[in-house]
Amino acid sequence: MVRQLKPWHENLKKRQVKSPKIYFCDSVLLHQILGIRTMKDLLLHPKCGASWEGYIVEEILTVAEPDEAFFWATHAGAELDLLIFKGNRRIGIEIKRADAPGLTPSMRTAMKDLVLEKLIVIYSGTKQYSLARNIDVLPVDRLQDALN
């Protein structure tokens, strides 16, 4: 019912978050606990983004079947929602509810510090586009293509 996602940390000369992140695996249960009964309630709720992130994390882990999965964050504010290891590949994933996600300083930092092969931004929109070299924004329905 609950997923505990461990933090990734390595010697980067940065203070990194070392406490786990907790997600509800079942968004229906989360919505019941929060008193969310309708789509309007959900969209207006301050935990809407967290609900979306938890749902997408579960989908990614089901589809990608990674060898290992973590999140990454520094005390300075840089973060990555999901860092997956598949074979010898390091793939970063950001999850956004925004209509048109843009490139953030956290994404640049994660690409450089974690030496990511690529970074995928999953969002609720419909268009695929590139933000920078090896950083692409994908609609959630293209998730499987991106991870295989």
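The values are calculated or read from the model by the stated rules, or taken from the named source; none is laboratory data. All figures in this text were calculated on a predicted structure; none of them were measured in a lab. Quick reminder, even Gly has a Cβ in these numbers, built from the backbone with ideal geometry, and neighbours come from all protein chains shown.
Residues in segment 1-10 that are touching a residue at least 40 places away in the same chain (Cβ under 8 Å) and within 16 Å of the chain's Cα centre (by Cα): 5 in all. Of all the listed residues (125, 77, 102), the sole one being on the phi > 0 side of the Ramachandran plot and out of contact with any helix residue (DSSP H, G or I) (no Cβ under 6 Å at 6 or more places or on another chain) is 77. For segment 46-72, a residue qualifies if it is surrounded by fewer than 22 Cβ atoms within 10 Å (Cβ to Cβ) and either touching an Asp or Glu at 6+ places or on another chain (Cβ under 8 Å) or assigned to a strand (DSSP E or B) (or both), and the qualifying residues are 53, 68, 69, 70, 71.
Taken over segment 1-10, the residue count meeting the criterion of being outside any loop (DSSP other than H, G, I, E, B) and either under 23 Å from residue 114 (Cα atoms) or of a type in the set (Lys, Arg) (or both) is 4.
The residue pairs whose first member lies in segment 29-40 and is within 13 Å of residue 52 (Cα to Cα), whose second member is of a type in the set (A, V, I, L, M, F, W, C), and whose beta carbons are closer than 7 Å, counting only pairs six or more residues apart or on different chains, are 30/24; 31/42.
I'm checking my understanding of the structure. Among residues of segment 11-45 that are part of a loop (DSSP other than H, G, I, E, B), under 19 Å from the mean Cα position of the chain (by Cα) and surrounded by 10 or more Cβ atoms within 10 Å (Cβ to Cβ), which one is modelled with the lowest pLDDT? Please lay out each step first, then the result.
Within segment 11-45, the first condition is being part of a loop (DSSP other than H, G, I, E, B), and the residues that meet it are 11-15, 17-20, 25-26, 35-38, 45.
Keeping just the survivors that are under 19 Å from the mean Cα position of the chain (by Cα) gives 17-20, 25-26.
Add one more test, that the residue is surrounded by 10 or more Cβ atoms within 10 Å (Cβ to Cβ), and what stays is 17-18, 20, 25-26.
On the way: 17: 79, 18: 79, 20: 84, 25: 75, 26: 78.
Restricting to residues being part of a loop (DSSP other than H, G, I, E, B), under 19 Å from the mean Cα position of the chain (by Cα) and surrounded by 10 or more Cβ atoms within 10 Å (Cβ to Cβ), the top hit is 25.
Checking each residue of segment 111-132 against the condition of being polar (S, T, N, Q), at pLDDT below 95, in contact with a strand residue (DSSP E or B) (Cβ under 8 Å, 6 or more places away or on another chain) and under 24 Å from residue 7 (Cβ atoms) gives no match. Filtering segment 68-95 to residues that are more than 19 Å from residue 23 (Cα to Cα) and of a type outside the set (Val, Ile, Thr) leaves 75, 76, 77, 78, 85, 86, 87, 88, 89, 90.
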